Amino acid sequence: MAAHVLAVASKSRVPKKHWRSTFDLCVIGIEQGLHDLVREVLERKNFLEGDPLTDGIAYRARMTLLLGYITAYANYIHLKGESFGLEAELKQVVEKLQEYLVLWGESAVPAFLSVAWFLERQNQQLKAEQLVLSVLHTIVSQNNPMNNVPGLPDPYHSVESTLLTAFGLDDNEEIRETYKGHSYSMNALIEWLARRLRRQSLARLWSDITRITCTEVFPEPSWATYLWEAEKGSTQDRFPRKPESWKRLLEQSRRNDFADVPDYLQQLPGFLLVFLLVYPHRLRSGLVRFLDRAFEHAD
């Protein structure tokens with residue numbers, strides 16, 4: 001609802017006084033829901049749902065979403081410049097549950113990034129970088145066209161459909177496709193690590209990275225970014241350079257060009273973070289780069 005309010009406001013150029021109260025009501029609902037989720041997580045002793053014998057199919061995926069949302073709330077409060085009194089307790093929960101994180105597909109990438117940004121704010125820089133590096137390594141390994149595996153599902157496939165297919169519980173042939181040879185989030189992850197000077201880590205993966213096309217989607221016009229489905233848009237595909245200049249890669253990752261970030265998302269970086277968890281198929285390098293800068297300015 002909040003995203004659609006921004007879509008209408010952007011498309012029609014409606015003055016803020018006519019839509020901001022509606023948007024704020026949506027945000028209040030988001031904040032309350034996330035706050036209640038954090039409270040429930042802190043009070044629970046275990047996170048099993050239903051039959052323990054069958055919950056294992058979805059347990060790790062649920063933990064990944066859970067950590068994504070509770071860290072996103074803490075990050076959201078931080079980006080707003082407000083204090084969050086439960087950071088220490090939340091840090092303990094993340095440390096306890098981090099081992100259950102699972103990359104079921106590229107729609108999980110925003111959750112991993114949220115956890116990584118949270119870890120950075122807790123002065124656990126190495127853990128944050130290793131987490132993102134593990135995501136990149138998995139994508140490079142699974143989506144390598146030379147490997148005899150179908151690859152990681154793209155961000156247009158939900159966790160539900162991905163799990164059903166993985167466990168042979170869905171007969172829908174349409175989603176039984178190959179994802180090898182391209183990635184929607186790889187470029188954003190490469191730049192994230194480059195900004196943290198992980199040159200050697202990237203160098204070790206670069207040969208395999210160059211086998212995969214970096215794909216990013218840009219809905220058109222810009223306000224269509226707020227919609228779940230955009231009728232029009234452009235897709236940019238490119239292979240990483242081989243060889244690649246570290247200087248060029250570093251400059252590319254640090255550029256301050258945010259023209260592809262819609263205006264209202266530039267004004268609302270905290271909302272952008274939560275937005276990407278719900279709209280993982282909208283993740284691209286420019287949005288992640290903008291969030292990185294927002295965290296720098298919030299510190």
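Quick notes on this structure:
- If only the Cβ of Lys and Arg carry +1 and only the Cβ of Asp and Glu carry -1, the dipole of the chain around its Cα centre is close to 1240 debye.
- For HIS182, the residues whose amide H sits under 5 Å from its own are THR213, ignoring neighbours fewer than 5 places away on the same chain, with H placed 1.01 Å from N.
- Helical runs (DSSP H, four residues minimum) scored at -39500 (n - 2.57) apiece and divided by the length of the chain put the mean residue ellipticity at 222 nm at -18000 deg cm²/dmol.
- Going by neighbour counts of Cβ atoms within 10 Å, the residues TRP192, TRP223, TRP19 line up, fewest first, as TRP19, TRP223, TRP192.
- Selection from SER21, VAL94, GLY33 lying farthest towards where the dipole of segment 1-152 points positive, charges on Cβ: SER21
- Within segment 40-161: Cβ-based charge dipole about Cα centre, in debye rounded to nearest 20 (Lys, Arg +1; Asp, Glu -1): 220 debye
- Shape category assigned to segment 136-253 from the gyration tensor of Cα positions, a/c cut at 1.5: oblate
- Residue exposure sequence - TRP117, TRP228 - by fewest surrounding Cβ within 10 Å: TRP228, TRP117
- Exposure proxy ranking for LEU169, LEU101, based on other Cβ atoms within 10 angstrom of each Cβ and starting from the fewest, stands as LEU169, LEU101.
- Segment 254-299 and segment 124-165: distance between their alpha carbon centers, rounded to Å: 21 Å
- Counting lysine pairs in the chain that sit 8 or more residues apart in sequence, or on different chains, and whose Cα atoms lie under 17 Å apart gives 5.
- Residue (of THR162, TRP117, TYR73) at the positive-pole extreme of segment 2-298, dipole from beta-carbon charges: TRP117
- Exposed-site-free run, longest, the chain (rule: GluC sites (Glu not before Pro); DSSP loop; at most 12 other C-beta within 10 Å): 83-228
- Sequentially through segment 117-128, phi angles give Karplus couplings (6.51, -1.76, 1.60; θ = phi - 60°) of 4, 5, 4, 4, 5, 9, 6, 10, 4, 5, 4, 4 Hz, Gly and Pro residues having no value and appearing as x.
- Spatial separation of Cα centroids for segment 23-93 and segment 201-223, in angstrom: 29 Å
Read-outs throughout are calculated quantities, based only on the coordinates presented, and are distinct from any laboratory measurement. On a predicted model such as this, the values are computed, not experimentally measured, just so you know. Positions of Cβ are generated from backbone atoms using ideal geometry, with glycine treated the same way; all protein chains shown enter the neighbour counts.
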